[in-house]
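All remarks here apply to the structure that follows.
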Amino acid sequence: MSLFWIVIRQLAEIEAMAMSKKVITREEWEKKLNDVKIRKEDMNKLVMNFLVTEGYVDAAEKFRMESGTEHIDLATITDRMAVKKAVQCGNVEDAIEKVNDLNPEILDTNPQLFFHLQQQRLIELIRNGKVEEALEFAQEELAPRGEENQSFLEELERTVALLAFEDVSNCPVGDLLDISQRLKTASEVNAAILTSQSHEKDPKLPSLLKMLLWAQNQLDEKAAYPRINDLATATLEDPAI
């Protein structure tokens, strides 16, 4: 059999599979959705989990009052967000002090987090052109930790390499000076504080949305059904037949 006919047969098989897909109407789909019972209490907890984890203090308080969900300690959210904001603004020393005020064990028991905060301090010194201070800080505070941990040493060497370039915009490690590096460190601190407070470090809602997209992709192979393409509106779109 020639390659041409093999391709034709495969295309015919694919077309047949596509034509054999089960079609589920909007009415049938909505009935299935309505048959699934979800407690309002669980939905409220899901929303509150997102607000608390992401640090929306005012929204969390208003939602707590309107929904009647369990009491939350808003002070812990405010303190956590103050730490996160300090890192995002480059005030790393202030952030470290705030973390220790919250719970000294957070940094004492997490050497990787402490190293990354110290690394961020070094980055801020380099950003502000304090070369001598940066070299001294790297030698006294970070080098000893690099001797104990190979990955720390590699990160330190990569950071110090910033000093070798006059134009950091064309520097191969210039990404360390991007705002994304601050955000990365801030997220790591935020997660550590949440864990220390017996909270989940990541909100559940984004994970559920990812599961929704995965489930739809799996179902696409077997059926045509009202799909949610816009997660912002969660509007059901009629199946493409």
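The values are calculated or read from the model by the stated rules, or taken from the named source; none is laboratory data. What you are looking at is a predicted structure, and each value in this text was computed from that prediction instead of being measured. Cβ coordinates were reconstructed from backbone atoms using ideal geometry, including for glycine residues, and neighbour counts include every protein chain displayed. SASA here: full protein model, heavy atoms, side chains in, ligands and nucleic acids out. Shrake-Rupley method; radii C 1.70, N 1.55, O 1.52, S 1.80 Å.
Scanning segment 28-60 for residues that are more than 23 Å from the chain's Cα centre (by Cα) and part of a helix (DSSP H, G or I) yields E28, W29, E30, K31, K32, L33, N34, D35, K40, E41.
Taken over segment 188-200, residues that are farther than 17 Å from D73 by Cβ and either of a type outside the set (V, I, T) or surrounded by fewer than 18 Cβ atoms within 10 Å (Cβ to Cβ) (or both) amount to 3. Only one of the numbered conditions (1) in contact with a strand residue (DSSP E or B) (Cβ under 7 Å, 6 or more places away or on another chain); (2) assigned by the TED database to the domain that holds A95 is violated by L183, and that is (1). Select from segment 15-46 the residues that are among the basic types (K, R) and open to solvent by less than 100 Å² (accessible area, probe 1.4 Å) and write down the one among them that is modelled with the highest pLDDT. Per the stated criteria, the residue is R26. Given (1) among the small types (G, A, S); (2) open to solvent by 40 Å² or more (accessible area, probe 1.4 Å); (3) closer than 15 Å to A186 by Cα, where does G90 come up short, assuming only one miss? Unmet condition: (2).
Quick check on segment 213-224. Is at least one of its residues open to solvent by less than 60 Å² (accessible area, probe 1.4 Å) and touching a residue at least 40 places away in the same chain (Cβ under 8 Å)? Scanning segment 213-224 turns up at least one residue that is open to solvent by less than 60 Å² (accessible area, probe 1.4 Å) and touching a residue at least 40 places away in the same chain (Cβ under 8 Å). Within segment 103-110, the presence of a residue that is within 22 Å of I179 (Cβ to Cβ) and in the same structural domain as D178 (by the TED database) is excluded. Being open to solvent by 80 Å² or more (accessible area, probe 1.4 Å) and not basic (K, R) is a property that does not hold for Q181. Identify all residues within segment 126-140 that are without any contact (Cβ under 8 Å) to a residue 24 or more places away in the chain and surrounded by fewer than 19 Cβ atoms within 10 Å (Cβ to Cβ); write none if there are none. Across segment 126-140, the qualifying residues are N128, G129, K130, E132, E133, E136, F137, Q139, E140. The residue list D108, D167 contains one member that is over 19 Å from the mean Cα position of the chain (by Cα) and open to solvent by 80 Å² or more (accessible area, probe 1.4 Å), which is D108. Tell me yes or no: at least one residue of segment 44-53 is in contact with a Pro (Cβ under 8 Å, 6 or more places away or on another chain) and not hydroxyl-bearing (S, T, Y). Within segment 44-53, one or more residues are in contact with a Pro (Cβ under 8 Å, 6 or more places away or on another chain) and not hydroxyl-bearing (S, T, Y).
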